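These notes are about the structure you will find just below.
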Amino acid sequence: MAEVNITPLEDGDPATAASLNDQLLQLNNGVNALEDYSIEPGALRRDHLPAVAELLFTSSVGDGFTSHNWAKEWNQDSDGTATWDIIADGTGKDLSETGFAATVLGMDQANRFAGILVLLNNHFVISQAIEGAGFDPRAVIGIQVRQTGDVTWYTIQRATRICSVRGAGALGITGNYQDIAQRLTITTDDLDRIASIKGGPGATTSINGIRAVVAINSDLAFPGGIVTLREGRMSAFRLRASGLPDAV
């Protein structure tokens, strides 16, 4: 039978922070030492377990169905802002977050944050060519990160979505609304890729910016185009791989 042994305080023992902490430490060590078979299946619930996900931020654009248009031409080999626009609406809100505490990734770090989970949804309305009928350019939506101490934004390419219009062909025909859902877990592998782009060592493991961006997949025959989105929302969570943090 599994047991958790605690040496209780006796009459006359001082009830101080140190003595009470010793009791809690004995309990903590005893519970952690229990074998898996000692715990009844289903006995551990969410209240007994450490939090593995911590909300970093959540933001939205287009509340009230405010649309916005973008016309930058996408280049899949480019990072930064040269071929991307930040997703925003007409009220000044955008899907770019830089106000959260810098997050260090890696299981060798004190907090053991294994990654950052990003949930992004946007309502894509239509993408149109500025000139020429019958040309159907595609919208491109991506997620970028910024490292602490760096001003450059880097595109996480596997999260990029290329969206075709439904129910529209030539210029001026309204498309059907589509919910474009993107799910991305940012890991140290992504930071290694950024280091290789920079040309070698020097990339930090700390992230202090995440944003959603949009462009149009035009071609040389029709270099101009417009992407219209209706509303969007982005949330991010820090994920712990195991155990309680040593520091916050």
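The values are calculated or read from the model by the stated rules, or taken from the named source; none is laboratory data. In this text, all values refer to a predicted model and were calculated from it rather than measured experimentally. In this analysis, Cβ positions are derived from the backbone assuming ideal geometry, glycine residues included, and neighbour counts consider all displayed protein chains.
Of the residues making up region 218-240, those that are part of a strand (DSSP E or B) and at pLDDT below 80 are Gly225, Ile226. Kindly indicate whether any position in region 7-19 is surrounded by 12 or more Cβ atoms within 10 Å (Cβ to Cβ) and either closer than 30 Å to Thr228 by Cα or modelled with pLDDT under 75 (or both). No, region 7-19 has no match at all.
So, Thr81, is that one farther than 14 Å from Ser206 by Cβ, in a loop (DSSP other than H, G, I, E, B) and at pLDDT 80 or above or not? So Thr81 fails the test. Taken over region 153-171, the residue count meeting the criterion of being of a type in the set (S, T, N, Q) and modelled with pLDDT under 85 is 1.
The set of residues from region 172-186 being farther than 19 Å from Asn122 by Cα and either crowded, with 16+ Cβ neighbours inside 10 Å or modelled with pLDDT of 90 or more (or both) comprises just one member, Ile186.
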